[in-house]
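Asker: Encoded as structure tokens, here's the structure I'll be asking about.
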Amino acid sequence: MNKGELIKMIAADAKISQIQANAALNSFMLITSEALKKGDKVTLVGFGTFGISLRSARIGRNPQTGKVIQIDARKVVRFKPGTDLSKEVK
């Protein structure tokens with residue numbers, strides 16, 4: 001499913017226009033991104049939690065040349081599914 005399909009499904013389920021569904025989805029993505037940038041977690045009970053983890057610096061290899069390279073430490077976004085979502089997917 002892509003963003004356009006998701007917007008159509010949200011609009012149909014919530015009985016709102018696709019423009020309103022698009023605005024709501026964009027707002028959710030923006031607010032979630034800003035919260036994660038500040039280091040906050042975003043928890044949707046039953047659905048899951050978005051958070052930030054620190055990936056340590058490490059040594060890697062360029063697969064084309066085999067040359068050893070240094071990979072810098074960085075922050076990555078993590079998602080941990082909630083209990084209800086996990087049960088639905090099984």
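Asker: On each of the three principal axes of the Cα atoms of the chain, give max minus min coordinate, whole Å, ordered largest first.
Answerer: Sorted largest first, the three principal extents are 55, 32, 28 Å.
Asker: Ignoring everything except DSSP H segments at least 4 long, calculate the 222 nm mean residue ellipticity for the chain; use -39,500 (n - 2.57) per segment, divide by total residues, nearest 500.
Answerer: My calculation for the chain gives -13500 deg cm²/dmol from helical runs alone.
Asker: Return the loop-located trypsin sites (Lys or Arg not before Pro) in the range 38-72 (DSSP other than H, G, I, E, B) with at most 10 other Cβ atoms within 10 Å of their own Cβ; answer none if there are none.
Answerer: Passing sites in the range 38-72 are LYS38, LYS67.
Asker: Give me a comma-separated list of calculated 3J(HN,Hα) values for the range 73-90, in order, Karplus coefficients 6.51, -1.76, 1.60 applied at θ = phi - 60°, integers in Hz, x for any Gly or Pro.
Answerer: Karplus values, whole Hz, x for Gly and Pro: 5, 7, 8, 10, 7, 10, 10, 10, x, x, 4, 4, 5, 4, 5, 5, 7, 4.
Asker: Oh, and also: Can you tell me how the range 41-90 classifies by the Cα gyration tensor, rounded, prolate or oblate, using a/c under 1.5 as the rounded cut?
Answerer: In terms of gyration-tensor shape, oblate.
Here, each number is a calculation from the coordinates, and none is a lab measurement. In this text the structure is predicted, and so the values were computed from the model without any measurement. Positions of Cβ are backbone-derived with ideal geometry, glycine not excepted, and every protein chain shown enters the neighbour counts.
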